[in-house]
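Reviewing the structure listed below.
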Amino acid sequence: MYNHSSIDKKWQKRWEDEGVFHAEDFSDKEKFYCLIEFPYPSGSGLHMGHPRSYTALDILARKKRMEGFNVLYPIGWDAFGLPTENYAIKTGRKPQEVTKENIDTFRRQLQSLGISFDWSREVNTTDPSYYKWTQWQFLEFFKEGLAYKDKMAINWCVSCKIGLSNEEVVGGACERCGGEVEKRDKEQWMIAITKYAQRLLDDLDTVDYLPKIKKQQQDWIGRSEGAEVDFTVDTDLSGYNILGLHAFRDDSKEAFWPWLSAELEGRGASVTVLDLPNPSEPNIEEQIKFIKESYTFNEKTIVITHSLGGVAAMKLLPTLDTPVSHVIMVAPPVNVELLDGKERPALRDCCDWKFDFGAISKMAKRFTVLADKNDPAVPQDHPVQIANNLRGELVVAEAEVGHFNGKEEPVILSQLIPSIEVFTTRPDTLFGATYMVLAPEHPLVSTIVTDDKRAEVEAYVKAASKKSDIDRGDGTKEKTGAFTGAYAVNPANGAQIPVWVADYVMMGYGTGAIMAVPAHDERDWAFAKAFDLPIVEVVSGGSVDAEAYAGEGLSVNSDFLDGKKVDEAKEEMIAWLEKNGHGKKTVNYKLRDWVFSRQRYWGEPIPLIHCDSCSPETGGWIPVPEDQLPVELPEVDQYQPTDDGESPLSAITDWVNTECPTCNGPAKRETDTMPNWAGSSWYFLRYIDPHNDEAFADMKKLEYWMPIDLYNGGMEHTVLHLLYSRFWNKVMFDRGHVPVSEPYARRHSHGLILAEDGTKMSKSKGNGIDPDEVVDKYGADTLRMYEMFVGPFEEPAPWNTKGMIGTRRFLDKVARLPDMVSISEDKEVTKALHKTVKKVGEDIENLRFNTAVAQMMTFINVVNKHKALTKESLLMFMYTLCPFAPHIANEVAENLGATGFVEQQKWPAYDESQVVDDVITLAVQVNGKLRATLEVAPDAPQQEVEAAARANENVAKFVEGEVKKVIYVKGRMMNFVV
RNA sequence: GCCGCGAUGGCGGAACUGGUAGACGCGCGGGACUCAAAAUCCCGUGAUGGCAACAUUGUGAGGGUUCAAGUCCCUCUCGCGGCACCA
């Protein structure tokens, strides 16, 4: 029994004192950057799983150093996040303190394992000198137009009081606490990762990841090719009278109104366009009088106003006796300053510029405002329809010639004749589309629903919105839905098909609407059966009365596609759609934009300031200037999450209130913080230059070290963390801050260490094993070796303390080896040694540590058999063992008189002639069954072997009569076929 | 439901490109040393039959290809992981 405690501490101190593992920037040696996922320093201390990954890469790092590489093997702390914050709240302490304590524990525990980290490069995501650069990089996203704020239905965890990204909702429940998740509308910072979807997919071809990891990335991005198809809602406008109020712009008069009239008259409407008098200096009373004299309003009236025409309408409409059918205001001039900068006293006098949308909406069955979503003057909470960026084109660009550009007009027209855009991967089945379905959240639902169906549809939509994702996605998959009363036209054959609302269609994918082809889609088939909708077969090969058929076949009932194979038919149909303006080829991704806001305290503050009077183009958001970074997290006593879902930071008024960096006026800080994923998306860059305060890392150093040669981590991070960090790196690459577009040249993953009962180690089950105890009782080398020996690195393995004792016995045998040192050794020992060096070296490169350990055990067994080996052989073995059990290897080497560290020795070279056997055991089979074994030279000629085999009594017994064939595989076996 | 991976002694696991299945370790049985124990060392250890040599059988189940299958092909069962009405 050797004394592991003193040996462990002695060598750990020496390594650290002499900086043996410090990586050198710009060395002449070839670089090797190996990376483990840095730990989250939780309060429960190091988990048994951590040493597995860290030791594995430590072995590789140590071997690479001995092979002459300049190795970077760094460590740090991913320390922002909920568990610490929750623990701090519970114990009434500050997250800063708790974090520091946890890190100290983790550091001590990791150091007790003798991992060859370069501790001089330690990073900590919660350190202001680190998150300064996280914030800086966020601003790079912002400047690139990749960060935007959007109101959206988010997943809200009721118990954590936190918004969760889709990725953090597992089976409809919160990933962290397992609690209930509901939908809530919240303004969130989003990052447009979807813009990088294709590159994130394509560049997987350039990296070496485990196939299953690549596949998970691909599946998550979820690319599918297909077509976008437009279905026009069949709208009958006969009996309606459209009243256009024209003011102010001549080009509208010449182009817009005639075009609109033609479109609407084709649908049976009559159109009246009134030229309002004196539009640029209007007298509103005069205009109203003119309208009243020229036109009689009734309930079939549809009012369309354009720009300044809205002013008169706004005053007039609330005074009418009868309500009108519909009012559409296109870009009403809701904010005079934004109009064109010109003062218009006449307008100002007649109107206070605060449109009373409420009064108008009472006079119209439907009321639509088409205006800029971001215009603060447009009341967002009012039930008006908001379109994007319309005002910019239609009003402000007054001086520009010809606003009639074909981009905005369809939006206007679609208010009266809506069209439904769908995404399909099967355009070849368009002739089989017998109905359509909108997601309950689809904005067109309320537009197209007919009056007699409105109540029913509204009730259905309301019920759907209450359902959680579990109810919608899980369970019976029984189809529910409601008919809107509206019909759309199938562009392929002109057929009228009913439009339904059903929750089996998701707003989040594609366009939120589908064409349903029940004959060839399982879900559509089930829905059609449930609601008795027609099923039309358009691909032959199945029996669509019994079930949907999604296989190969030839098109039928499909006019010009008939007789074509699926792939061919898809192409033809896309060509047809494009030619006739009904759609086009498109690609869709499952990947969603990244919800980047958290309403919690313990995270990086988002470094933006909101000013009411500056930067309207970004919604008033202004980056904190670089020289004011980092925006430090204020240390406060109260940081509990709020019930209303606002960030705790919003309550700290003297932090929130600040100055606008642009105009120096009063402004407010953004109070949301960043998600945990932020700091971990780029930490590998900081390791390269951890103390730089001019940049997150020096470009020259990045060029030297990047990319990472091997990155190892858990399978649980192979989707999100890997994707986010690849994306983050690509954005930095595009902005010229990093030299490579893919950060990880090779990615591997380790299996979990399970508890002795084969389940996950967990606090609640009390089945955890404490690394401290194991190190204390058995030593660091035992723990390291056991975790390598326990099974294949990438597969989960149950902990077994008894099994670990076997590796300790092995190390005890190692400690006794010096007693056997002698001036000569048996040939078998020499051969075993060289074989061991060869196999261990190869196994390390292939990350097959378990068989490397087994080989070293075999070697010891051979030595023990002969009880003698030379000092040189023992040293050579110590060099081979050192990556696995560095403490004892160094100790034994030192006791043999070696100076310096084993880590500074050269990795041993094996002698090729020593790894081949002089004599091998050859299997002799008869009819494939083993009958004897022969000791022969590996390259013995067939004749000789055959003679020896036939001479064998047992073989001869079975080889009676004619031998049909003799198969001889040199060095392996001989088979007699009789 | 779909996709991926896996299933080998009492246990964790080996087995290159189809060529002696069970390396290595744990456990178990026997023995040596010891007054005794611990530690250490030696022998044995898939199952069945046999004193033994050896024979039969054996890698989740069933079928196939091959001189030869844990390994390749088909069908199925179970387990693990991922996705989950993704149009």
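Each value in this text was obtained by applying a stated rule to the coordinates, not by laboratory testing. All values derive from a computational prediction rather than experimental measurement. With ideal geometry, Cβ positions are generated from the backbone for all residues, glycine too; neighbour counts draw on all protein chains shown.
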Roughly how many nanometres apart are two label points built 7 Å out from the Cα toward the Cβ at residue A:716 and residue A:734? 3.1 nm
Too long at a 32 Å Cα-Cα cut-off: which of A:90/A:183; A:466/A:570; A:149/A:466? A:466/A:570
Based on the Cβ-Cβ distance from residue A:30 to residue A:872, what FRET efficiency comes out when R0 is 41 Å, to the nearest 0.05? 0.90
Full extension from residue A:5 to residue A:777: what is 0.36 nm times the residue separation minus their Cα-Cα distance, to one decimal in nm? 277.1 nm
Quick calc: nm separation of the 7 Å Cα→Cβ label points for residue A:236 and residue A:970 -> 9.0 nm
Listed highest first by mean packing, meaning other Cβ atoms within 10 Å per residue, what order do A:649-660, A:807-818, A:127-138 come in? A:127-138, A:807-818, A:649-660
From a point 7 Å beyond the Cα of residue A:765 in the direction of its Cβ, which residues of the stretch A:783-820 have a backbone N at a distance under 11 Å? A:798-799
More than 24 angstrom apart: percent of Cα pairs within the stretch A:881-975: 48 percent
What lysines does residue A:957 reach when the alpha-carbon gap must be under 21 Å and sequence neighbours fewer than 8 apart in one chain are set aside? A:929, A:965
With a sphere of radius 14 Å drawn around the Cβ of residue A:573, what net charge do the other residues whose Cβ falls strictly inside it have (Lys, Arg +1; Asp, Glu -1)? -4
If you look for lysine pairs in the stretch A:774-852 that are eight or more places apart or on different chains, how many of them have Cα atoms under 21 Å apart? 11
So how do A:936-949, A:31-44 stack up, highest first, on mean other-Cβ count within 10 Å? A:31-44, A:936-949
Can you check how the C-alpha radius of gyration of chain A compares to 2.2 N^0.38 Å, as a plain ratio? 1.23
Pairwise label distance in nanometres, residue A:67 with residue A:300, each label 7 Å out on the Cα-Cβ vector: 8.6 nm
Short version: ³J(HN,Hα) in whole Hz for each residue of the stretch A:622-630, in order, from phi by Karplus 6.51 cos²θ - 1.76 cosθ + 1.60 (θ = phi - 60°), x for Gly and Pro, what are they? 10, x, 5, x, 4, 6, 9, 7, x
Determine the calculated [θ] at 222 nm for chain A from helices alone, applying -39500 (n - 2.57) to every DSSP H run no shorter than 4 residues and normalising by the residue count; nearest 500 deg cm²/dmol. -10000 deg cm²/dmol
Using 0.36 nm per residue of separation minus the Cα-Cα distance, give me the extension gain between residue A:362 and residue A:632 in nm, one decimal. 92.3 nm
Could you pull out which residues in the stretch A:729-770 have an amide N less than 15 Å from a spot 7 Å beyond the Cα of residue A:703, following the Cα-Cβ vector? A:736-741
Within straight cross-link reach of residue A:292, meaning Cα distance under 30 Å, which lysines are found once same-chain residues fewer than 8 apart are removed? A:253, A:300, A:315, A:342, A:354, A:362, A:365
Expressed in nm to one decimal, what extension gain is obtained for the pair residue A:16 and residue A:455 from 0.36 nm per residue of sequence separation less their Cα-Cα distance? 150.6 nm
Any idea what angle helix A:49-66 forms with the longest principal axis of chain A, computed on alpha-carbon atoms, 0 to 90 degrees, nearest 10? 60 degrees
Acute angle (nearest 10 degrees) that the helix A:827-845 long axis makes with the longest principal axis of chain A, alpha-carbon atoms: 10 degrees
Note on the stretch A:736-850: the mean projected area of its alpha-carbon convex hull, in nm², is 12.1 nm²
Long-range amide H partners of residue A:234 with built H, under 5 Å: A:487, A:488, A:489
Taking a cut-off of 13 Å between Cα atoms, list the aspartates and glutamates near residue A:867, but don't count ones fewer than 8 places away on the same chain. A:819, A:825, A:826, A:828
Over chain A, relative contact order from alpha-carbon pairs under 8 Å, at least 6 apart, %: 14 percent
Once the Cβ-Cβ distance between residue A:522 and residue A:143 is put in as r, and R0 is 35 Å, what FRET efficiency do you end up with, to the nearest 0.05? 0.15
Please give me the summed charge of the neighbours of residue A:810: other residues whose Cβ is under 13 Å from its Cβ, Lys and Arg +1, Asp and Glu -1. +3
